[in-house]
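The values are calculated or read from the model by the stated rules, or taken from the named source; none is laboratory data. As the structure is a prediction and not an experimental result, all values here were calculated from the model. All Cβ positions, glycine included, derive from the backbone under ideal geometry; neighbour counts span all protein chains shown. Surface areas here come from the heavy atoms of the whole protein model, side chains and all, with no ligands, DNA or RNA. Shrake-Rupley method; radii C 1.70, N 1.55, O 1.52, S 1.80 Å.
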Amino acid sequence: MDDTEVFAEPPRGPGALRELITEERAVEAVFEAARTRAESVAEGIARVRIAEGGFAPSRSWDVLQPLPPDHGASVRQDAGGTVLDLGGMRVALSGEGRLRVEGRRAGVWLEQVGPPVWGRARPETLGIRLRQGDALPPGRDGVLARLQLALDPADRLWGFGQRTGGLDRRGRRLTNWTSDSFGVHHHRGSDNLYQAQPVFLAVQAGRAFGAFLHVSHLSRLDAGYTNPDRLGIDALGGEIDLFLFAGPTPAAVVEQLTRLTGRPLLPPHWALGFHQSRWGYDRAEQVLAVVDGFRDRDLPLDAVHLDIDYMRGFRSFTWDPVRFPDPRGFCTAVHERGARVVAIIDPGIKDDPGSGYRAADEALTGAHVLRNADGSPFRGYVWPDRALFPDFARAEVRAWWGEMHRESLVEAGVDGVWNDMNEPTAFDAPFSSGQARDRPFPLALRHGAEDERASHLEVRNLYGTLEGRATFEALARLRPERRPWVLTRSAGVGSQRTCATWMGDNDSWWEHLAMSVPQLLSMGLSGSPHAGVDIGGFFENAGAELFARWMELGAFYPFMRDHTAQGTRAQEPWAFGAEVETLARRALELRYRLLPYLVTLAHEAAATGAPLMRALGYAFPDVEATLDEEDAFLLGPWLLVAPATRPRQRWRAVTLPPGAWRDFWSGREVVPERRDEARPALLPTPPGRPPLLLRQGALLPLGDVRRSTATPVSELRLVVTPATASRYRLVEDDGLSPDADGAGTAVTEMALDRDEGALRLELQARAGGFLPAPRTFTVELRLDRPPDRVVLDGADVSAAWDGERHAASVSWPDDGAGHELLVSD
Ligand code: GLC
């Protein structure tokens, strides 16, 4: 979009360059009317700020984590200008004060084209829904900063947070603005959904770098949409504040991004199990009957969700006295059945003061709500009709909101909280009137305390993040012995520290099943790995085959929930008849077997940001052919998943990355030829056996099938595939205590090597305070034929051979001691 369309006035440039100031680890170009500053933030991380006048002050709600400086970074002059050298990345300001970012070997990554410009924006051009007649607020909030950067034509652009479409978003314009974009808005060409993560990775074989636009105001990234080789950055608030991550791999970028913006939460184990939900479970007995439905059929289940039906007249923090008369008794009954309760909370508080509804009384008397420009409380319509909205930008409001959870939820025994409608969303008329249309909040609405006022424009993208933080901190305070678990619909960068998330209201369409893979891969690349998509689809009715396939794929989602809208067909795993129930059971059983692996991956995510679901190109960044594979993925390092996503699909093709890959089910190697290169594979997709491949050198920890994570694992099974050398670190914990590194954790280091023709597996003694319940330890080697000889700790043992799965197994009672297994294969 050209300048004349987006600006309401002729845009201003920075003016002439006055001076170039160099500091120990920063360089700043001072223009007549603007500044460009590049500084080293920490190892592998630089920050570029471009603003008219001075830089904006930092805010109490900022997500940036304090980091130690990179003493290796330096500033020097060269022919091209003043260079801030971070080792793997150089950020230069030319003699004219223009920005250039380049790699170690001089390849140019990004280069400023023309001067930045500023001016008041025309709001109707910004790609967001507006209230009729709404105007941008006066001052900086209404000023758009615009910058153009040249992109390398070979770069794929990954990330961008919660999005539809494929993995590479080059060619799209991406608005960062949280919005209730349900159902039909989830098509491939849609723009913004519920979340705003202005983060991307630029990837080509052998190198990757990343960027985070640290702007909480509305922003847009033109990723080669207007001009294929340009990245356009538009930011309201008047400042371009861009963090750059040196890579050099996608994994390194995610590490750098999450080091800066916070590491993903460690979920309690029950959150990694299966969740059953629907809008419309509206009586306590009905919910218990659903839980019993799982138990009677011996289907695994860890959590049941209460949608808005449990509330009294859709009032957050209340229970309907008739339909849920005994909240505590209800939660106890769910707990006795080995499951957990997750309850929904909407931020829209029914505007019902003086009627005994505490949240409304306190919201108004405490002045906790968002206010119109004239100071009056802002009101909008949501499920409870007219509602007030807490101002989460203020610490005291977050504390008050947190406290609201004490009696109604925590003391009743609710285990997790599901934050919904927190973009935030409101309508312009009651639903009962039939006239309700989504009506955006006024842009000039005021957030923040007296000394830190911000317009709705600055805070909106953080509303869900700040609510999530309030909820998380409350749960941590009210129940310190347990890991809090919060699920949120809206989020921004930083939300990964406190919340898991899902993709919102999808449809029961095959396309939405298929799209879930690049969606969740993008979330992981954007620093938010604990994400899922509603299994079966929210709107409309899933057919039997779609539901079965969705369960099959959902078994690999970091967050696995079956959910659907009010009025749709029943969607419990048994609702489609015996055949689908069998397929759903297989999916659930596989999910539960994967749990020790998922727990280890969750620990890895908490330590480094590494996503659980990984693009093939994330794991094989040097292999060109893997970079464009977007509907198959790796779960952790060892499993390649190539889901069936079309009706009656019999086969599917996938690019196999280099190395040997064995079919998880048969143990046979697929495409054994040309192991040292990427090559195509055609995999059968029979229902109930999702194409699942084991990487060479896999050290994959599996558990046994349990009815829920409340039952301890009775057999830990390590699935091993041959390789010359491989290492793994199994991390286990008690599943509940909040201290990830503390007494509740245990680590087992393992090494697989090939010595003189024999495979040697070395398991080190378990280290750490967590003591698992008594269990069997089994090593399952997937081999072409039965091994000639197996020696455990120096003594010959006989391995059980399963010819159908090509598996040789050796078991012993797990004593936590070190062991050595030698296998002549
Ligand atoms: C929103 C949520 C959905 C929920 C419904 C009723 O549409 O996204 O998950 O079921 O509200 O609360």
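Please verify whether Trp279 is modelled with pLDDT of 95 or more, open to solvent by 10 Å² or more (accessible area, probe 1.4 Å), of a type outside the set (Gly, Ala, Ser) and within 12 Å of the ligand (Cβ to nearest atom), treating the condition exactly as stated. Give the derivation first.
On the way: modelled with pLDDT of 95 or more: yes; open to solvent by 10 Å² or more (accessible area, probe 1.4 Å): yes; of a type outside the set (Gly, Ala, Ser): yes; within 12 Å of the ligand (Cβ to nearest atom): yes.
Here the answer is yes, as Trp279 does meet what is asked.
Looking at this structure, is Arg549 farther than 20 Å from Gln197 by Cβ and in contact with a Gly (Cβ under 7 Å, 6 or more places away or on another chain)? Please lay out each step first, then the result.
Numbers: farther than 20 Å from Gln197 by Cβ: yes; in contact with a Gly (Cβ under 7 Å, 6 or more places away or on another chain): no.
It is false that Arg549 is farther than 20 Å from Gln197 by Cβ and in contact with a Gly (Cβ under 7 Å, 6 or more places away or on another chain).
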So how many residues does the range 489-519 have that are assigned to a loop (DSSP other than H, G, I, E, B) and polar (S, T, N, Q)? 4
Single residue of the range 480-519 satisfying the filter (charged (D, E, K, R) and within 14 Å of the ligand (Cβ to nearest atom)) that is most open to solvent (accessible area, probe 1.4 Å): Asp505
Keeping to the range 22-50, report how many residues are open to solvent by 60 Å² or more (accessible area, probe 1.4 Å) and not basic (Lys, Arg). 5
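Please note which strands (runs of 3 or more DSSP E) are completely contained in the range 69-176 and include at least 3 residues that are touching a residue at least 40 places away in the same chain (Cβ under 8 Å) and either open to solvent by 10 Å² or more (accessible area, probe 1.4 Å) or small (Gly, Ala, Ser) (or both). Can you show your working first?
Details: elements: 74-78, 81-85, 89-93, 99-103, 108-112, 117-120, 143-151, 156-159, 172-176.
Here the list reads 117-120, 143-151.
For the range 793-808, does any single residue satisfy the condition of being part of a strand (DSSP E or B), open to solvent by 60 Å² or more (accessible area, probe 1.4 Å) and not hydrophobic (A, V, I, L, M, F, W, C)?
From the range 793-808, those part of a strand (DSSP E or B) are 795-797, 800-802, 807-808; that's our starting set.
Right, trim to open to solvent by 60 Å² or more (accessible area, probe 1.4 Å) and you get 796, 800-801.
Subset that is not hydrophobic (A, V, I, L, M, F, W, C): 796.
Among the residues of the range 793-808, at least one is part of a strand (DSSP E or B), open to solvent by 60 Å² or more (accessible area, probe 1.4 Å) and not hydrophobic (A, V, I, L, M, F, W, C), which makes the answer yes.
I'd like the residue in the range 624-662 that is aliphatic (A, V, I, L, M) and within 21 Å of the chain's Cα centre (by Cα) and, out of all such residues, is nearest to Pro518 (Cα to Cα). Full working, then the answer.
So the first thing to find is which residues in the range 624-662 are aliphatic (A, V, I, L, M), and the list is 625, 627, 632, 634-635, 639-642, 644, 653-654, 656, 660.
Narrowing further to those that are within 21 Å of the chain's Cα centre (by Cα): 627, 632, 634-635, 639-642.
Working: Leu627: 12, Ala632: 9, Leu634: 12, Leu635: 13, Leu639: 17, Leu640: 15, Val641: 13, Ala642: 12 Å.
Within the range 624-662, the match that is nearest to Pro518 (Cα to Cα) is Ala632.
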Condition test on Arg340, is it closer than 30 Å to Asp298 by Cβ, open to solvent by 30 Å² or more (accessible area, probe 1.4 Å), in contact (Cβ under 8 Å) with a residue 24 or more places away in the chain and away from the ligand (no atom under 16 Å from the Cβ)? yes
Tabulated pairs, the range 502-513, first at pLDDT 95 or above and of a type in the set (A, V, I, L, M), second within 12 Å of the ligand (Cβ to nearest atom) and open to solvent by less than 10 Å² (accessible area, probe 1.4 Å), C-beta under 6 angstrom, 6+ apart or interchain: Met503/Val533
Just to check your reading of the model, which residue among Pro10, Pro57, Pro66 is over 22 Å from Ile233 (Cβ atoms) and open to solvent by 70 Å² or more (accessible area, probe 1.4 Å)? Pro66
Filter the range 305-316 down to residues that are part of a strand (DSSP E or B) and either crowded, with 24+ Cβ neighbours inside 10 Å or of a type in the set (Phe, Trp, Tyr) (or both), then give me how many there are. 2
State which residue is farthest from the ligand (Cβ to nearest atom) when the search covers only the range 182-228 and only residues that are of a type in the set (Ser, Thr, Tyr) and surrounded by fewer than 22 Cβ atoms within 10 Å (Cβ to Cβ). Thr226
Would it be correct to say that Ala644 is of a type in the set (A, V, I, L, M), in contact (Cβ under 8 Å) with a residue 60 or more places away in the chain and surrounded by fewer than 18 Cβ atoms within 10 Å (Cβ to Cβ)? no
Which pairs turn up if I take residues in the range 791-810 that are of a type in the set (Ser, Thr, Tyr) and look for partners that are part of a strand (DSSP E or B) and open to solvent by 30 Å² or more (accessible area, probe 1.4 Å) with beta carbon separation below 7 Å, at least 6 apart in sequence or on another chain? Ser809/Ala800
For residues that are away from the ligand (no atom under 12 Å from the Cβ), open to solvent by less than 10 Å² (accessible area, probe 1.4 Å) and hydrophobic (A, V, I, L, M, F, W, C), scanning just the range 415-429, find the one that is modelled with the highest pLDDT. Val417
If Asp676 passes every condition in (1) open to solvent by 30 Å² or more (accessible area, probe 1.4 Å); (2) touching a residue at least 60 places away in the same chain (Cβ under 8 Å); (3) charged (D, E, K, R) but one, which one does it miss? (2)
Return a yes/no flag: does the range 453-470 have any residue that is over 24 Å from the mean Cα position of the chain (by Cα), more than 16 Å from the ligand (Cβ to nearest atom) and open to solvent by 30 Å² or more (accessible area, probe 1.4 Å). yes
Residues (open to solvent by 60 Å² or more (accessible area, probe 1.4 Å), at pLDDT below 95 and over 35 Å from the mean Cα position of the chain (by Cα)) located in the range 352-377: Asp374
